[in-house]
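**Student:** Below you'll find the structure I mean.
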Amino acid sequence: MVKLTGSNKIYCAVFISGRGTNLKSIYNYSKKRYSKIILKLVISNRSNATGIIFAKKHKIKTIVVNYSNKLEAEKKILKNLKNNKIELVCLAGFMKILSKSFLKYFKHNIINIHPSLLPRYKGLKTHERVISNKEKFSGCTVHFVSEKLDSGKIILQKKVKLLKLDTPKKLAKRVLKEENKLYPKAIDKILSNA
Ligand code: GRF
């Protein structure tokens, strides 16, 4: 568990696989005077993730991990988390599932953002499923990562109303806008309670 005292900030790593809009919002939060994190490391399983370009531009250390061997990949990640004294991991569009042993060895918090109102619509293609089920609302959730996919304790959620002519793309765009606001709030919340 993270322990914060006085004005201390903790080192945070963000894991990505692609675009990186949530990475950007976490970075912007980290730059606020009141923020409780220092964004020290960005880890990606893809060398061409757009988020990597953003991280490099802002002089955040980046590590690309080859996932052809999951065990080796996780070993490399753990080593880098340890060497950089990371105490909070934020998964932000990271398309790999962390193993049970990884979760056991990394003793600090790992949180994730998911584009639905969990526990509903775990997994992929959430917007497609929400629309075909004619839901009135969808949204996004920041939650702790546990062994079961998208099932850890919920930290914060934000509802998004469905519109008559919604498509998965249109809904994804509105949900993403809320995700980008929700992630920093969730980080702030868990570290305020620490
Ligand atoms: C987000 O929709 C997030 O909820 C999901 O992957 C997407 C990542 O988007 N897990 P971005 O790379 O942060 O823009």
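The values are calculated or read from the model by the stated rules, or taken from the named source; none is laboratory data. Only a predicted model underlies this, so the values are computations on that prediction, with no experimental measurement involved. Positions of Cβ are generated from backbone atoms using ideal geometry, with glycine treated the same way; all protein chains shown enter the neighbour counts. Ligands, DNA and RNA are excluded from the accessible area calculation, which covers all protein heavy atoms including side chains. Shrake-Rupley method; radii C 1.70, N 1.55, O 1.52, S 1.80 Å.
**Student:** Can you compute the modelled spin-label distance between Leu124 and Thr167, with each label point 7 Å from Cα toward Cβ, in nm?
**Tutor:** Between Leu124 and Thr167, the label points sit 2.1 nm apart.
**Student:** Would you mind computing, in nm to one decimal, how far apart the modelled labels at Lys79 and Arg19 are, each placed 7 Å from Cα along Cα→Cβ?
**Tutor:** For the pair Lys79/Arg19, the computed spacing is 3.4 nm.
**Student:** Here's a follow-up. At 1.4 Å probe size, with every protein chain present, just tell me what the per residue accessible area of the chain comes to in Å². Don't skip to the end; give the middle numbers.
**Tutor:** Values: 11160 Å² over 194 residues.
For the chain, the per-residue accessible area is 58 Å².
**Student:** Within the P(r) computed for the chain, what percentage of the Cα pairs occupies the region above 23 Å?
**Tutor:** 42 percent
**Student:** Moving on. Once you have the Cα-Cα distance between Phe137 and Arg33, take 0.36 nm times their residue separation minus that, and quote the gain in nm to one decimal. Kindly include the intermediate steps, with their values, before the conclusion.
**Tutor:** Details: separation 104, 0.36 × 104 = 37.44 nm, distance 3.46 nm.
The Phe137-Arg33 span can extend by a further 34.0 nm.
**Student:** Further, regarding this structure: If contacts are Cα pairs under 8 angstrom and at least 6 residues apart, what is the relative contact order of region 10-107 in percent? Can you show the working numbers first?
**Tutor:** Working: 156 pairs, mean separation 38.0, N = 98.
Reported as a whole number, the value is 39 percent.
**Student:** Would you mind telling me the share, in percent, of accessible area of region 67-122 contributed by carbon and sulfur at probe 1.4 angstrom? Mind dumping the intermediate values first?
**Tutor:** On the way: 1710 of 3070 Å².
Here it works out to 56 percent.
**Student:** What pairs in Lys107/Lys189; Lys100/Lys161; Lys9/Lys170 have C-alpha atoms more than 25 Å from each other?
**Tutor:** Over 25 Å Cα-Cα: Lys100/Lys161; Lys9/Lys170.
**Student:** Which ³J(HN,Hα) values, rounded to whole Hz and listed in residue order, are derived for region 72-80 from phi using the Karplus coefficients 6.51, -1.76 and 1.60 in 6.51 cos²θ - 1.76 cosθ + 1.60 with θ = phi - 60°, glycine and proline given as x?
**Tutor:** Once θ is set to phi - 60°, the couplings for region 72-80 become 5, 4, 5, 4, 5, 5, 4, 4, 5 Hz.
**Student:** Could I ask something else about it? Quick one: putting +1 on the C-beta of Lys and Arg, -1 on the C-beta of Asp and Glu, what dipole do you get for region 10-107 around its Cα centre, in Debye to the nearest 20? Provide the component values of the computation, followed by the final result.
**Tutor:** Details: 22 positive and 3 negative charges, 57 e Å.
Dipole of region 10-107, to the nearest 20 debye: 280 debye.
**Student:** Something else about it: Given an 8 Å cut-off on Cα distances and at least 6 residues of separation, report the relative contact order of the chain as a percent. Mind dumping the intermediate values first?
**Tutor:** Details: 350 pairs, mean separation 40.9, N = 194.
So the answer I get is 21 percent.
**Student:** Run the quick spin-label model on Ile53 and Leu149: label points 7 Å from Cα toward the beta carbon, then report their separation in nm to one decimal.
**Tutor:** 3.0 nm
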